[in-house]
Amino acid sequence: MHPLAQKKKVGTMSIPQDLTIVEHKGNRILTSSQTAEFLGTNAGLISDNFNRNKDRYTEGKHYFFLEGKELKDFLVLHSAICGSQNLSKIRSLYLWTEKGVLMHVKSVNTDIAWQAHENLVDVYFHKIEQTYKEPVYFNKQTQDRCKANSLIMLKGHWCVENEMVSQALVLSSLQKELKHWCLPSGSGGKKFIQHLRAVKHPLLDEDRKYKLWVPNLAYKVDILVYPYELLEYFREWLRVEYAEYYVTSYLPLRIANTDQKRIAG
């Protein structure tokens, strides 16, 4: 379970206020182990409840069942959700939506379970994410270009450049030093396509070129756009993988190179 900063008491149970949000296909989810822990029971009972009442559960509404490549792709970005489990030994995984957790609450039917569900709704399922109030260093020209991109974007698609400007509002690590000479959009696009190829993501072949503005260029170029199905995947990758690379590798190198050019000039 995610390290606790502040807890809300639920009888003998507690819900972490900073519980890491994990989404799958647009739904915030919990694993069977997490669900059992929060409801004051064990994962075996969660499994038994489901098996006894399978006809009452609808996949995609109450739960998602992952196995094979879909499971592997999910664990690439969300390995922490399985705690200390050996990922190589996980052959399948049930992910429970808010409605699915409620079904388990009805089966457990204890005061602790009902109170835990109420608190989960408050601090996890319906929690409104706060954005950082610090200034964003993408300049107005960059933001205007991204607004123009949104008007001519291929329907049902998005691009890395626009999304990284948007996500800078919520990623403090991307607000360290976003000057015009070190915008991360180019490296973000390259790193993301490399990641998709490395994990052999099934939607990789569905990307296509489209003529859009690149934020730090003054003309339109052909760039990759991606289907909406990849958007939440990208946002999670941006927070987990790219943000660390940006701070530790990309930004220091760009600053160093720029300083050298200034000295040489």
Problem - Filter result for D18 (more than 27 Å from K89 (Cα to Cα) and at pLDDT 90 or above) - result: no
Problem - Test: A218 is at pLDDT below 80, among the small types (G, A, S) and under 18 Å from T142 (Cβ atoms) - result: yes
Handout entry: Among residues of the range 101-116, those that are farther than 15 Å from R52 by Cβ and of a type in the set (K, R), counted
Key = 0
Handout entry: Unique match (being closer than 26 Å to L77 by Cβ and modelled with pLDDT under 70) among F138, F192
Key = F138
Practice task
Please state which of the following conditions L30 fails to meet, knowing it meets all the rest: (1) closer than 21 Å to Y124 by Cβ; (2) of a type in the set (A, V, I, L, M); (3) at pLDDT below 90.
Solution key: (3)
Problem - Flag for Q167 being modelled with pLDDT under 75, under 21 Å from P227 (Cα atoms) and out of contact with any Cys (no Cβ under 8 Å at 6 or more places or on another chain) - result: yes
Exercise for the section: Only residues that are modelled with pLDDT under 85, under 24 Å from V76 (Cβ atoms) and not hydrophobic (A, V, I, L, M, F, W, C): list them for the range 230-265, please. Expected result: E232, R235, E236, R239, E241, Y242, E244, Y245, Y246, T248, S249, Y250
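The values are calculated or read from the model by the stated rules, or taken from the named source; none is laboratory data. In this text the structure is predicted, and so the values were computed from the model without any measurement. FYI the Cβ positions are ideal-geometry reconstructions off the backbone, even for glycines, and counts take in every protein chain you see.
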